[in-house]
Every structure is written in structure tokens, then in C-alpha cells.
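Q: The structure follows.
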Amino acid sequence: MDVTVLGCWAPYPRAGGACSGYLLRDRETLVLLEAGNGSFSRLAAAVDFRALSAVVVSHFHLDHCADLFCLRHALKGARRDGSRAEPLTLFVPQEPRGEFERLAGDNEAFTVRTIESLPRKGDRRVAIAGSLEIEFLPTRHSSPGYGVAVSGSARGCFVYSGDTAYFPELARHWAGAGLLLCEATGLARDSAQLKAVHLTSVQAGELARASGAARLVLTHFWPEYDPAVLAAEAADAFGGPVLAAREGETYSI
Ligand SMILES: [Zn+2]
Ligand SMILES: [Zn+2]
């Protein structure tokens, strides 16, 4: 499985950059994970959007979902000109209701599935998209949301944190990650400002170590920060090398 970073900034991008967007590729399966502002252009540069198998949006903050509305226009055009036969399956939380209903009322571009309606697997919900099994891991954030644990044809598991505050169960949720892509919205000194809705770099490193992650890549960077500084703080807590996500970079599991 390959994970390509389309955008890694939050809640606004650096000049020429994009907010959250990750392309998962496993054999013929292509899943767009997050559709933050600017990510659709990057997606279109990487692959034909008509070939997507599914889209997953972790929560309804705009740095994760704004470009769903670009993708919706593109898909409607593709349906009309016959270049895509089916609506695209979109997995989203059912709350906030108003945000959900902006997408759910229209079946031409998307087949919208609420994460809460998916089959249970223990305390998780689970979906299949092509060769990928996607498990949804509840987060604690200012909008209802999820991280994901994704298994494909490779032996390792890819885990993505979504946006979340620290809570100890995250280490259990993320156990066994071959690659953990974890938000690190601020430095250790910012923990009060993050208001218990995001992780610091040190918390990301500590959770990665506690979960036994093989590799840690940080993402969801405040654009005024140097990601290398965040990665250095996380590396001390993790006890090993940590990468800062870079747009256009692909990480293999
Ligand atoms: Zn958020
Ligand atoms: Zn965010």
C-alpha cells in the first residue's frame, strides 16, 4: 500500500500548498482520505479522479472536507459525459447534521455512507473499499470524527490519527501500525492553546511509542511552524526517527 501526501497544512495552507489530503493506493484500489482545501488540484495531478474507489472524510472541518465540493462538481460532469458510470462511495460522520445534509441530499456524484451505519467490529466500524479494509477509530475533537486503520494486500497496517485530542486509549486504537500518520498541530509549549482538541508533537511521539508503531510520520502542520522542529520534538518522545510529511511524497507500507 502506498500513501501519497496531497496536503499537510492546517487550518490554512502555506502558499502553493494544500490542507489535509492523502491518496491511498493498493493494487487497483484508490482511496482519497480527506479532501481539505487545495487537495483536489493535487489529486487531479496525481491520478484520474474518475478512477477513485472511495473517499473517506474524518470530520467536517473545512481543512478536511472543503474540496468535496470540487470533487462533487467533477464527478457530476463525469457522470454526464459518461466517463464515470457510478457515483463514488463517500464515508463521512453523520454529525454535525447540517454539514452532512449538504452532501447527503444528492445521489448523482456520491453514494454517502455514514460511518455510524457501517458494520461493527468490536468497538470499531468497518468498511471495505476494493482491496482495502478500513476500520474507523473514534477521536475526541471539536467536531465528531474518526481516525482510520487501513489494511490492504501488504502485511503492515496504515493508521491515520484524524484530528484528535490526547486520550490514553489512542495507543490501543493504533496498536500494530506499520506506518502511523499522526497529527502534530503544535509544539509541546502549545498544549494549552490547542485546547484539548489537537495533539502536540510530543504527544504524537509518546502515543506512537506506546502503540508500538514501526514508523511515525507527522502531519497537520500550522503553516508558520517548521515541520522539522515538530519532528525533532516528536523523535525524542518516540525514541526513534520521525518524518514530517511532505506534499508529493509517497510512503509505502
Ligand atoms: Zn478538525
Ligand atoms: Zn484539521
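Q: Go through region 68-101 and count every residue that is without any contact (Cβ under 8 Å) to a residue 12 or more places away in the chain and under 17 Å from PRO144 (Cβ atoms).
A: Counting residues in region 68-101 that are without any contact (Cβ under 8 Å) to a residue 12 or more places away in the chain and under 17 Å from PRO144 (Cβ atoms) gives 3.
Q: Inside region 48-106, can you point out the residues that are of a type in the set (Asp, Glu), under 20 Å from ASP163 (Cα atoms) and either modelled with pLDDT under 95 or touching a strand residue (DSSP E or B) at 6+ places or on another chain (Cβ under 8 Å) (or both)?
A: Kept after step one, since they are of a type in the set (Asp, Glu), are these residues of region 48-106: 48, 63, 67, 81, 86, 95, 99, 101, 106.
Adding the requirement that they be under 20 Å from ASP163 (Cα atoms) leaves 63, 67, 95, 99.
Passing the criteria: ASP63, ASP67, GLU99.
Q: Check region 185-200 and report whether any residue there is within 30 Å of ALA85 (Cα to Cα) and among the aliphatic types (A, V, I, L, M). Give the derivation first.
A: Pass one, region 185-200, residues within 30 Å of ALA85 (Cα to Cα): none.
The answer is no; no qualifying residue exists.
Q: Of all residues in region 6-41, count the ones that are under 23 Å from ARG72 (Cβ atoms) and part of a strand (DSSP E or B).
A: 14
Q: Looking only at region 128-148, which residues are within 16 Å of ligand 1 (Cβ to nearest atom) and among the small types (Gly, Ala, Ser)?
A: Within region 128-148, SER142, SER143, GLY145, GLY147 meet the criteria.
Q: Across region 31-55, what is the total count of residues that are touching a residue at least 40 places away in the same chain (Cβ under 8 Å) and away from ligand 2 (no atom under 16 Å from the Cβ)? Walk me through how you get there before you give the answer.
A: At the first step, the residues of region 31-55 found to be touching a residue at least 40 places away in the same chain (Cβ under 8 Å) are 31, 33, 42, 46, 53-55.
Applying the additional criterion that residues be away from ligand 2 (no atom under 16 Å from the Cβ) yields 31, 42, 46, 53-55.
Summing the residues that are touching a residue at least 40 places away in the same chain (Cβ under 8 Å) and away from ligand 2 (no atom under 16 Å from the Cβ) in region 31-55 gives 6.
Q: Give me the residue from region 143-163 that is among the polar types (S, T, N, Q) and within 13 Å of ligand 2 (Cβ to nearest atom) and, out of that set, farthest from the chain's Cα centre (by Cα). Lay out the reasoning, then the answer.
A: First pass over region 143-163, keeping only residues among the polar types (S, T, N, Q): 143, 151, 153, 161.
Of the ones still in play, those that are also within 13 Å of ligand 2 (Cβ to nearest atom) are 143, 161.
Values: SER143: 15, SER161: 7 Å.
Residue satisfying both the conditions and the ranking: SER143.
Q: OK, next. Based on what the data block shows, is PHE91 surrounded by 20 or more Cβ atoms within 10 Å (Cβ to Cβ) and in a loop (DSSP other than H, G, I, E, B)? Even if it seems obvious, please write down each step before you answer.
A: Values: surrounded by 20 or more Cβ atoms within 10 Å (Cβ to Cβ): yes; in a loop (DSSP other than H, G, I, E, B): no.
Taking the combined requirement at face value, the residue does not satisfy it.
Q: Could you tell me whether SER58 is hydroxyl-bearing (Ser, Thr, Tyr) and either without any contact (Cβ under 8 Å) to a residue 12 or more places away in the chain or within 16 Å of ligand 1 (Cβ to nearest atom) (or both)?
A: Numbers: hydroxyl-bearing (Ser, Thr, Tyr): yes; either without any contact (Cβ under 8 Å) to a residue 12 or more places away in the chain or within 16 Å of ligand 1 (Cβ to nearest atom) (or both): yes.
So SER58 fits the description; yes.
Q: While we're looking at this one, here's another question. Give the number of residues within region 157-189 that are of a type in the set (Val, Ile, Thr) and farther than 17 Å from ARG124 by Cα.
A: Looking only at region 157-189, we keep the residues that are of a type in the set (Val, Ile, Thr), and these are 159, 164, 185.
Still in the list and also farther than 17 Å from ARG124 by Cα: 185.
Residues in region 157-189 being of a type in the set (Val, Ile, Thr) and farther than 17 Å from ARG124 by Cα: 1 in total.
The values are calculated or read from the model by the stated rules, or taken from the named source; none is laboratory data. What you see is a predicted model, and the numbers here were worked out from it, not measured in a lab. Positions of Cβ are backbone-derived with ideal geometry, glycine not excepted, and every protein chain shown enters the neighbour counts.
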